[in-house]
Structure formats: structure tokens, C-alpha cells
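The values are calculated or read from the model by the stated rules, or taken from the named source; none is laboratory data. Everything numeric here is computed off the predicted structure, so don't read it as measured data. Every residue, glycine as well, gets a Cβ built from its backbone with ideal geometry; the counts of neighbours run over all protein chains shown. With ligands, DNA and RNA removed, areas are computed over all heavy atoms of the protein, side chains included. Shrake-Rupley method; radii C 1.70, N 1.55, O 1.52, S 1.80 Å.
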Amino acid sequence: QGLTYGRDTRDWYSLHIIDEGIGAPADPSRCFDLGFTTKPRGAGVGLAVAKNVVRGMGGTIELVPRSDAPGSVLRVLFPSLTSSANLALGGAA
């Protein structure tokens, strides 16, 4: 869904991924650190990569506890990529 973000006139999109598990750790921002995991055999790579991709698009990503039930919500905001200036995501793959 297109929305505006502050004084930014581009269309912005919001993606919410709802988890019904045990929820985020006490400091949810740590979930985006490379190597951080709560799983016994986890590598701690997934959310770190997601953060880099979203930031490369000029967006934001955060993990917040659900207010209505156990679990978390991964909230991603990113700008529309419709203009040619927005298509350069930068960095080598």
C-alpha cells in the first residue's frame, strides 16, 4: 500500500510479518546483528541480511513485540522503486 513518510514525497510501502512464536528477546535490535541467534543450530544470518537489503533500498526494518498476542511483528518500510534514481541499490553483491 502506498503511503508517505514524513516530508519524503515518494510512495512508501509497509510490510508487516506477524509471528505467533515466543517473541523477540529483551533487546529486539540485537536480532539484526550478524551471528545473533536464539536457535540451537541457527547461524544468525537471515535478519542481518534482510537489514542490509532493506537499508540498501533506503528503508527501515524493526522487530517489535505484538501487543495483542504472544509473538513479534517484523515491520519493514521501503520507498517505491519506480524512479530510475531509486533503482541503484548500491554495493556489490
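Numbers at a glance
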read-out: Order of exposure, largest accessible area first, which applies to LEU74, LEU81, LEU34 with probe 1.4 Å; value: LEU34, LEU81, LEU74
read-out: Rounded accessible area of THR9 (nearest 10 Å², 1.4 Å probe); value: 130
read-out: 13 Å beta-carbon shell around ALA48, net charge (K/R +1, D/E -1); value: +2
read-out: Simple spin-label estimate for ASP11 and ALA69 in nanometres, 7 Å along Cα-Cβ; value: 3.0
